[in-house]
Amino acid sequence: MHRLFIAIRPPADIRARLLSVMGGVPGARWQDDDQLHLTLRFVGDTDPRRADDLAAALATIRFAPFPISLSGVGQFDRRGRIDALWAGVQPRDSLTQLHRKIDRACVDAGFPADQRAYLPHITLARFSRSGGMTDSFLSNNAALSSPPFLIDRFILFESHLTQAGARYDVGAVYPAAPQRL
């Protein structure tokens, strides 16, 4: 079985910016450089044949490159406890459109439609049962921003869960359509 997801890998300077704000929250398991990504669609455990079908369906997606920027931080709560800290991005419209195209390709490949609301973000930290106090982190990084960076591809990743955390391998890269002059 392959545990798959589709995401965007931010450029090195953006990842360095994110790494520079990480820290200071007890109980946080901070992402490392190799784990920083912006998820477009989580697929989950998939047999090899369906993974091939998905890869082929994703190859049919066409999109023009578009810019986004880091924009603030936030947290996800699950059942009243903090689950994750994340960095936001703006603008979201092009990412949402790309998410919809990817979700349609997943459905075409035999996967159920994504039922969750899509909130584009880059996970910075995850928490176990006992999350730390995040108020200081959130207030200190509320104005997190970056220069615009170009989204010109998305990636099909395979996730391997290990004792040291998740490891992500690139399965396929899907470039944006070339721009016509």
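General observations
- Test result for residue 58, in contact with a helix residue (DSSP H, G or I) (Cβ under 6 Å, 6 or more places away or on another chain) and in contact (Cβ under 8 Å) with a residue 40 or more places away in the chain: yes
- Only one of 178, 148 that is open to solvent by 90 Å² or more (accessible area, probe 1.4 Å) and touching a Pro at 6+ places or on another chain (Cβ under 8 Å): 148
- Test: residue 116 is more than 27 Å from residue 47 (Cα to Cα) and loosely packed, with under 14 Cβ neighbours inside 10 Å: no
- Residue check for residue 130: at pLDDT below 95 and of a type in the set (Ser, Thr, Tyr): yes
- Some residue of the range 148-171 being among the small types (Gly, Ala, Ser), in contact (Cβ under 8 Å) with a residue 24 or more places away in the chain and not in a strand (DSSP E or B): no
- In the set (1) assigned to a strand (DSSP E or B); (2) open to solvent by 40 Å² or more (accessible area, probe 1.4 Å); (3) touching a residue at least 40 places away in the same chain (Cβ under 8 Å), the condition left unmet by residue 122 is number (2).
- Pairs meeting the criteria (first residue in the range 93-107 and more than 18 Å from residue 69 (Cβ to Cβ), second residue open to solvent by less than 30 Å² (accessible area, probe 1.4 Å) and assigned to a helix (DSSP H, G or I), beta carbons under 6 Å, at least 6 apart or on different chains) are 105/57; 105/58.
- For the criterion of being over 17 Å from residue 150 (Cβ atoms) and without any contact (Cβ under 8 Å) to a residue 12 or more places away in the chain, residue 44 fails.
- The set of residues in the range 125-147 being touching a Leu at 6+ places or on another chain (Cβ under 6 Å) and part of a strand (DSSP E or B) consists of 125, 145.
The values are calculated or read from the model by the stated rules, or taken from the named source; none is laboratory data. What you see is a predicted model, and the numbers here were worked out from it, not measured in a lab. Reconstructed Cβ throughout: ideal geometry from the backbone, glycine too, with neighbour counts over all protein chains shown. Side chains included, ligands, DNA and RNA excluded: accessible areas come from the protein's heavy atoms. Shrake-Rupley method; radii C 1.70, N 1.55, O 1.52, S 1.80 Å.
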